[in-house]
1. Report the trypsin sites (Lys or Arg not before Pro) located in the stretch 124-200 that are in a DSSP loop and have at most 15 other Cβ atoms inside 10 Å of their Cβ, or state none.
2. With a point put 7 Å past each Cα toward its Cβ, work out how far Cys299 is from Leu62 in nm, to one decimal.
3. Measure off 7 Å from each Cα along the Cα-to-Cβ vector at Thr282 and Ser187, then give the distance between these two points in nanometres to one decimal.
4. Across 10 Å bins from the origin, how do the percents of Cα pairs in the stretch 70-214 run, short distances first?
5. Using a Förster distance of 25 Å, how high is the FRET efficiency between Met267 and Val111, based on the Cβ-Cβ distance and rounded to 0.05?
6. Quick one: net charge around Asp78, please, counting Lys, Arg +1 and Asp, Glu -1 for every other residue with C-beta under 12 Å from its C-beta.
7. Indicate the gyration tensor shape class of the stretch 161-258 (rounded, prolate or oblate), computed on the Cα atoms with a ≥ b ≥ c the square roots of the eigenvalues: a/c under 1.5 is rounded; otherwise a/b larger than b/c is prolate and the rest oblate.
8. Counting Lys +1, Arg +1, Asp -1, Glu -1, what net charge surrounds Asn265 among other residues with beta carbon under 15 Å of its beta carbon?
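A short reminder: the numbers here are calculations on the coordinates, not readings from a lab. Computed from a predicted structure; not experimentally measured. Every residue, glycine as well, gets a Cβ built from its backbone with ideal geometry; the counts of neighbours run over all protein chains shown.
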Amino acid sequence: MASTINGREWSIPTPRWVIQRGINEQLTAMPARRFALRGTPSLWVGGVIVAALLAAALAAPLLTPFAPDTVMAGAKLDAPSLVHPFGTDALGRDMLSRVAYGARIAVGIAVFGVAIAATLGIIPGLIAGYRGGWVDQVFSRAMDVWLAFPGMLLALIIVSRLGPSLENTVIALGLVGAPGFYRVARSTTISARRTLYVQAAEAVGAHESRILFRHILPNLSSSLIVLATMRSGMLLLASGGLSFVGLGAQPPLPEWGSLLAAGRNYMDTAPWLAIYPGACITLAVAGLNLLGDGLRDLCDPRQAKSNERRLTGHSARTDLK
């Protein structure tokens, strides 16, 4: 600590009690942070559900001795049993195998769909947010026009033009999800452009691509991870809807939406054909949304406190009623 007396600068040592007070404040803040991590049930519940989904996708060949396309002529529409825990379908195929292998397809849809959306949204968002001016106007107006169409309707149009298949469904959903990543990347880049580390990189003559991908993009990681997690749930729900109407994955692929569509005609005689795929879609989407909410609260403590105050106020009003 320095002080100026009679025009001269004197170095005054920091009192010991000030140092000790700062240490105590740091020590008392650490348990609160650990408690904050433990106090996000949505993060843990969503993480467990997503981990179970990934485990089922990886261990699909180990969950059942039957291949998903193996037809057993004498076991058509068998009810759930020890041999077939999820029953069999109208052709005699084991439903547990088909649902487990459907988890692999679900993971692929989420990963590749989000990858396409992130690539098409983040790169233009970085460029538009950093350069500004007419570049920002062109990209932003193009994204506004893209957002003017309902997402599901736009996906239906794209898939109907490209042809019904799993690959075209992933491409269509990736295109529909790009504007969300663009907005996050653009707004965060505009804020980061005014920071000292970006100005320092510009001062030493760093190339624009280095500034964008080395200095700005890493600071977007938390927001993009949260967005990607939530978008994954939306992609699974949308792909299931497209498959349900016959525009997504085509038989015999065991995609959950197509399994649900095949089982709707047997709701009275074999309800398990629709119950298990529908339950998997519900659990996967709920798990990804809960995980996204937990990650958002973890990355933005202010948002978590705001949600907590809102819930506390709601419960207080409920008690008064």
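1. Answer in residue order: Arg194.
2. In this crude spin-label approximation the distance works out to 3.2 nm.
3. So the two model labels end up 3.2 nm from each other.
4. Pair shares across the bins are 11, 26, 22, 18, 11, 8, 4, 0.
5. With a Förster radius of 25 Å, E is 0.20.
6. 0
7. Judged from the Cα gyration tensor, the stretch 161-258 comes out prolate (a/c at least 1.5, a/b above b/c).
8. 0
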